Amino acid sequence: MQHDSLSVQVTRGGIVESEHSIKAVIVSSTGDLVESWGDVASLVYPRSAIKAMQALAFIEMNGAELFDFSAEEIAICCASHSGEPKHVATVQSMLDKLALSEHDFECGCHWPMRAETSYELAGEGKTPNQLHNNCSGKHAGMLGLAKLLDTSHHGYIEIDHPVQQKISATMAEMCEYDYTNTPWSPDGCSAPTWAMPLTNLALAFAKFSSPDELSPSRQKACKTLYDAVVKHPFMVAGTERYCTDMMTTLQQRVFLKLGAEGVYVAAIPELKLGIALKCDDGAIRAAESAMTALLDHVGITSFVPDAEMSHYRSVTLKNWQKRITGSISCDL
């Protein structure tokens, strides 16, 4: 069933102040398009929403077992983490197990995504390093993949490096999409990101949610990744982050992951569904609102008391004096 684009409305004083347009699609693990909103055949960059797929080759080649990665370390391979102390310590542990250092990363450094963590770091007279990069867990997995492929890790972010070639080949199988001639660009962390239709992105996460038709090694890898991220949702994002909080609320029933510029994906095993959406103007606040509406729509939130879900369904906006000014909600 196909519909017009979803609408996320920002209200103030009883009228709509701003409106975001969302395209979204729900796909089954058998490849059936269940429902869509807007032009889901157009190309989008999934950005960080694809991190679980980028980690898949490393896990499938038994990297976690060979390097003794814990479930939390597997989870942070899929993360856009907030750079909090536990995130940094977890990535450092991964580097120690790989016998590498922060200097081997090629992701660049930025201040932690969580403002309070940045303030604390600055208050200690410190500056961030590459461990604080929200993609450092993903890059640790890529460094591990280079070791598994018995190739130099130098230049592992380049599109023609064996690491990225292995990742793109694995993603092509999961998404059923040929990346050979599709647009691509360095992502914020400098690793490649490939454009694809939203439908193919949702298909990959539908398979991830229900991998029974995949090869035994890929089935195991998908289940290993899924179990890690839903059991350790803090590692995927962090304090007061939608991914972490909603996965905690949904009690391991759903894997959620955002991507920059308003992309979101969900994998729902008990329904054997994948969801992918893109906010046309790139607003993450709207993408989160739309994802909540879609999770409600497929019924996976039905066991959660309304009191727990209400603040996701209608996000209250407040000013600096903590006075309510409006709300954000999705019209579905």
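Some notes on this structure:
- Contact order normalised by residue count of the chain, Cα under 8 Å, 6+ apart, percent: 24 percent
- Cα gyration tensor shape of the stretch 192-272, rounded if a/c is under 1.5, else prolate or oblate by comparing a/b with b/c: oblate
- With an a/c value of 1.5 or above and a/b not larger than b/c for the gyration tensor axes a ≥ b ≥ c computed over the alpha-carbon atoms, the chain is described as oblate.
- Karplus-derived 3J(HN,Hα), 6.51/-1.76/1.60, for each residue of the stretch 20-35, Hz, glycine and proline x: 10, 9, 10, 9, 8, 8, 10, 10, 8, 5, 8, x, 7, 7, 7, 6
- Here the dipole of the chain is about 520 debye; that uses its Cα centre as origin and unit charges on the Cβ of Lys and Arg (positive) and Asp and Glu (negative).
- Gyration tensor verdict on the stretch 101-178 (Cα atoms; rounded if a/c is under 1.5, prolate if a/b is larger than b/c, oblate otherwise): prolate
- Rough spin-label spacing in nm, given labels placed 7 Å along Cα→Cβ, for Thr30 and Ser215: 2.5 nm
- Cβ-based charge dipole, the stretch 258-332, positive-most Cα from Thr292, Gly262, Ser327: Ser327
- 15 Å beta-carbon shell around Gln219, net charge (K/R +1, D/E -1): 0
- Beta-bridge orientation, the chain: approximately 95 percent antiparallel, per DSSP, counting only bridges with both partners inside.
- Take every Cα pair under 8 Å whose residues are at least 6 apart in sequence, average their separation, divide by the length of the stretch 68-197, and the relative contact order is 23 percent.
- Where GluC sites (Glu not before Pro) fall in DSSP loop in the stretch 44-147, at most 14 other Cβ within 10 Å: Glu124
- 10 Å Cβ shell holding at most 16 others, DSSP loop, chymotrypsin sites (Phe, Trp or Tyr not before Pro): longest site-free stretch of the chain: 1-302
- The stretch 231-312: GluC sites (Glu not before Pro) in DSSP loop, at most 13 other beta carbons within 10 Å: Glu240
- The stretch 48-125 - Rg and Dmax from Cα coordinates, angstrom: 13.6, 42
- Pairs with C-alpha atoms separated by more than 20 Å, drawn from the list Lys86/Lys231; Lys166/Lys220; Lys220/Lys272; Lys257/Lys278; Lys257/Lys322, are Lys257/Lys322.
- Kirkwood hydrodynamic radius (C-alpha pairs) into Stokes-Einstein, the stretch 275-332, 10 °C and 1.306 mPa s, D in µm²/s: 128 µm²/s
Every read-out reported here was derived from the displayed coordinates using simple, explicitly stated rules and does not represent laboratory data. Just so we're clear, the structure is a prediction, and the values are computed from it rather than from any experiment. Virtual Cβ from ideal backbone geometry, glycine too; neighbours counted across all protein chains shown.
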